[in-house]
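The next block holds one structure in the form of structure tokens; read it before the comments.
The values are calculated or read from the model by the stated rules, or taken from the named source; none is laboratory data. Since the model is a prediction, treat every value here as computed from it, not as a measurement. Neighbour counts are summed over all protein chains in view; Cβ atoms, including those assigned to glycine, are modelled from backbone coordinates with ideal geometry. Accessible surface is based on the protein model in full, side chains and every heavy atom, while ligands, DNA and RNA are left aside. Shrake-Rupley method; radii C 1.70, N 1.55, O 1.52, S 1.80 Å.
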Amino acid sequence: MYEVYELLLSEKGCRTADVARETGINQTVFSEWKKGKSTPKSDKMQKIADFFNVPLEYLLGKNGIVTCQECGMMYYASDITERRTHDEFHRKYLLASRFYGDFYPLPVIENEKNKYLNLASNYDNSFETRVNAWIEVIRAYFSRSLSGWNYELEHPTFDNYAAMLLNTKTIEDRINDTAVYTRLVRMYGTQEGLEEGKTNLLMPQASRLHSQSPYENSEDENMLLKEFNKLNEKGKSVAVNRVTELTYIPQYTDNNPSMPKKKERYVPTEEDIRSLVARNGKKMTREEAIEFITEMYSDDDE
């Protein structure tokens with residue numbers, strides 16, 4: 001395990017003193033660990049893993065596929081390229097969390113949805129409890145749709161998504177309570193945008209899977225599309241998410257077009273600022289919008 005720790009030190013370009021200072025762990029712990037006399041306790045190992053932004057399993061020497069419990073990305077912890085890919089993807093997740101506010105991490109979406117569906121369908125609960133439960137059900141659907149878009153900021157906000165979902169006959173029938181449905185419509189309104197019977201907004205990558213392909217006669221692509229069409233709505237969302245993740249890993253692409261080149265320093269335009277404030281329902285100030293856009297498009301090393 002200490003060998004993994006040394007590798008992480010080298011990758012990050014820091015010293016044990018830096019880790020000790022940031023984590024609050026006494027340097028003696030690291031010294032004893034290096035000599036093989038003892039291993040840091042689990043809480044300290046977690047702090048070290050958090051410092052390096054790696055899964056605890058990797059620090060413990062378990063090098064298989066891990067799933068990030070926040071962004072939901074699956075990757076090989078032992079592969080530095082995949083760890084860096086995860087770091088980039090995770091950064092998008094964190095930016096989305098700042099922009100959209102509350103949404104559920106991918107690994108817990110289904111559990112949260114089912115938990116609140118049970119609350120919403122129990123008529124022994126109060127009216128307000130059932131309304132709030134349906135809001136959380138909608139938030140779970142929103143979270144799944146957003147994850148299917150790989151946390152791109154072009155996805156509609158929660159309020160807009162809720163209005164789209166409430167515009168479908170499917171969700172009205174599922175709520176099956178006129179008073180609750182009316183309250184939700186009063187809160188969010190209705191608007192077009194979602195296909196009937198769907199809860200995931202169509203994203204550009206998914207749209208391309210259904211479009212005319214330049215490799216129409218490719219046997220592999222025909223097989224891929226055939227298998228894709230066997231999936232249900234949830235499966236298609238996850239499949240698109242996973243394929244897009246692969247495009248971020250250089251070893252799986254010819255020219256890695258999905259990984260954007262870092263910019264020296266991005267200066268937001270007035271149009272950028274006004275658009276972001278408007279899309280965020282004017283809950284974001286001009287100064288916050290400038291900071292957000294600059295952080296999103298600027299090089300991390302600056």
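For the reader, a short list of remarks on this structure follows.
- In segment 58-78, the residues that are modelled with pLDDT under 75, over 20 Å from the mean Cα position of the chain (by Cα) and not hydroxyl-bearing (S, T, Y): G61, K62, N63, G64
- Residues within segment 97-124 that are outside any helix (DSSP H, G or I) and surrounded by 15 or more Cβ atoms within 10 Å (Cβ to Cβ), tallied: 3
- Those residues of segment 74-90 which are touching a residue at least 24 places away in the same chain (Cβ under 8 Å) and assigned to a helix (DSSP H, G or I), in sequence order: I80, T81, E82, R83, T85, D87, E88, F89, H90
- Selection within segment 150-196 - part of a loop (DSSP other than H, G, I, E, B) and open to solvent by less than 40 Å² (accessible area, probe 1.4 Å): N150, Y151, L153, H155, P156, T157, T168, D177, G189, L194
- Scan segment 79-96 for residues that are open to solvent by 60 Å² or more (accessible area, probe 1.4 Å) and either of a type in the set (G, A, S) or under 18 Å from L153 (Cβ atoms) (or both) and the total you get is 1.
For (1) more than 29 Å from D177 (Cα to Cα); (2) out of contact with any strand residue (DSSP E or B) (no Cβ under 8 Å at 6 or more places or on another chain), each residue gets a yes or a no:
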site: E82; (1), (2): yes, no
site: R91; (1), (2): yes, yes
site: N111; (1), (2): no, yes
site: N118; (1), (2): no, yes
site: N125; (1), (2): no, yes
site: W149; (1), (2): yes, yes
site: Y161; (1), (2): no, yes
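- Matching option when the condition is under 20 Å from the mean Cα position of the chain (by Cα) and surrounded by 14 or more Cβ atoms within 10 Å (Cβ to Cβ), among V29, V54, V4: V54
- Within segment 133-156, residues that are within 12 Å of G72 (Cα to Cα) and polar (S, T, N, Q) reach partners that are open to solvent by 10 Å² or more (accessible area, probe 1.4 Å) and part of a helix (DSSP H, G or I) with beta carbons closer than 7 Å, at six or more positions or on different chains, in the pairs S147/L106; N150/K92; N150/T244.
- Pair list, Cβ < 9 Å and 6+ apart or interchain, from segment 36-50 residues that are farther than 19 Å from E3 by Cβ and acidic (D, E) to residues that are in a helix (DSSP H, G or I) and open to solvent by less than 50 Å² (accessible area, probe 1.4 Å): D50/T23; D50/L56
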